[in-house]
1. Can you name the condition, by its number, that Val334 falls short on among (1) within 16 Å of ligand 1 (Cβ to nearest atom); (2) out of contact with any strand residue (DSSP E or B) (no Cβ under 7 Å at 6 or more places or on another chain); (3) closer than 15 Å to Gly46 by Cα?
2. Within 14 Å of ligand 2 (Cβ to nearest atom), of a type in the set (S, T, N, Q) and not in a strand (DSSP E or B) - does that describe any residue in segment 168-177?
3. Do we have any residue at all in segment 121-144 that's within 12 Å of ligand 1 (Cβ to nearest atom), open to solvent by 10 Å² or more (accessible area, probe 1.4 Å) and under 18 Å from Pro72 (Cβ atoms)?
4. Right, Ala105: more than 16 Å from the chain's Cα centre (by Cα) and more than 27 Å from Ala43 (Cα to Cα) or not?
5. Could you run through segment 315-331 and say how many residues are away from ligand 1 (no atom under 16 Å from the Cβ) and surrounded by fewer than 22 Cβ atoms within 10 Å (Cβ to Cβ)?
6. Spot the failing condition for Pro103; the list is (1) open to solvent by 30 Å² or more (accessible area, probe 1.4 Å); (2) under 23 Å from Val177 (Cα atoms), and only one is missed.
7. So which strands (runs of 3 or more DSSP E) stay within segment 178-276 end to end and still have 3 or more residues that are away from ligand 1 (no atom under 15 Å from the Cβ) and surrounded by 24 or more Cβ atoms within 10 Å (Cβ to Cβ)?
Amino acid sequence: MKTIFSPLHARHGGQTELIAGEIVPGFEKPARAEIIKARVIEAQLGPILAPENHDLAAAHRVHATDYVAFLPTVWPRWSAAGKLGSAMGFAWPTRGLRGDVVPEAIEAALGFYSFDGGAGFVAGTWAAVKSAYDVALTAAALVRDGEAAAFGLCRPPGHHAGRAFMGGYCYINNAAVAAQWLRDQGAARIAILDVDYHHGNGTQEIFYARGDVLVANLHADPLIEYPFFLGHADERGIGSGEGANHNFPMPFGTSWGAWSTALDEACVRIARFAPDVVVVSLGVDTFEKDPISRFELTSADYPKIGARIARLGRPTLFIMEGGYAVEEIGINAVGVLTGFADG
Ligand code: 6XA
Ligand code: ZN
């Protein structure tokens, strides 16, 4: 399996994030992608290729025009305003406030285009975000051209980014961009299988009214876990998307038994949908030692995830999402891929 990787991801580093009353160094750091890349080499998964440069047309297919235009301007505006630290909002237009007027002040515009303080910008953030977009599209093109599978080693991740907002370390929704691009390249139906510990709220929002893109999410129950405000089992899609959104919220402490039962059910529904391509939002923060998560999967479980996905027998595009900088992030992420390749 080919991996697409860009060293530009490392330009996004040293950012801070807001969690539980504290501004802390971002957990989503460059070492993550470097550890995964090293494991791709060590496990001899296949060649590592650089992404091709793409214009932003594919981003406009899933994100609002004004939002896409805003992203590259954030750091220049923030630094021109003489502000220090990571660029992020601190006020958000919740219920009862105007959500239709973009403020002029950069810190307020950041609040307008985000749902949390988890997607800070530093000077190189846009370059990294754009590189992850290029990685996703280049990997998608491999699958379009007939590869059985490809791995987009995207960083930063994407699944919390919605049509017009960032959050949760995500700016552009790489998996959604790739899925829509594959549709535009002629695929009739795409299934997105999100196995990250956190609900992929952005991906769900983007495709919620769509019957041509099935979205299945396995994640910690939003009643008790981030992103909190989406991801319940009763969210099944609307309009022509009715029945094409599938959520599997699970309690803290979930281990392979219950988790794999949910994976199996998601795969049964995907098989019934008969997608031309399966896009996997590959998060490995379900791992027992993940520093921000509370599931109990072990390293031995990840190849079994890959093998189950392989049984779908569909062209498959893996897009990297979460999983934090512990040594095992490489073993676990690449474990899914070798499990798929051997499955
Ligand atoms: C709160 C936690 C963000 C979770 C990001 C993640 N800042 N998403 O791993 O999949
Ligand atoms: Zn996650």
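1. Going through (1) within 16 Å of ligand 1 (Cβ to nearest atom); (2) out of contact with any strand residue (DSSP E or B) (no Cβ under 7 Å at 6 or more places or on another chain); (3) closer than 15 Å to Gly46 by Cα one by one, Val334 breaks only (1).
2. Yes, because at least one residue in segment 168-177 is within 14 Å of ligand 2 (Cβ to nearest atom), of a type in the set (S, T, N, Q) and not in a strand (DSSP E or B).
3. no
4. Working: more than 16 Å from the chain's Cα centre (by Cα): yes; more than 27 Å from Ala43 (Cα to Cα): yes.
Taking the combined requirement at face value, the residue satisfies it.
5. Of the residues in segment 315-331, 3 are away from ligand 1 (no atom under 16 Å from the Cβ) and surrounded by fewer than 22 Cβ atoms within 10 Å (Cβ to Cβ).
6. (2)
7. Working: elements: 190-194, 213-220, 245-250.
Ranges flagged: 213-220.
Residues checked against (1) away from ligand 1 (no atom under 16 Å from the Cβ); (2) touching a residue at least 24 places away in the same chain (Cβ under 8 Å); (3) open to solvent by less than 20 Å² (accessible area, probe 1.4 Å):
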residue: Thr286; (1), (2), (3): no, yes, yes
residue: Asp290; (1), (2), (3): no, yes, yes
residue: Asp301; (1), (2), (3): yes, yes, yes
residue: Leu312; (1), (2), (3): yes, yes, no
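The values are calculated or read from the model by the stated rules, or taken from the named source; none is laboratory data. The structure presented is a predicted model; accordingly, all values stated were derived computationally and were not measured. In this analysis, Cβ positions are derived from the backbone assuming ideal geometry, glycine residues included, and neighbour counts consider all displayed protein chains. All accessible areas refer to the heavy atoms of the entire protein, side chains included, with ligands and DNA or RNA removed. Shrake-Rupley method; radii C 1.70, N 1.55, O 1.52, S 1.80 Å.
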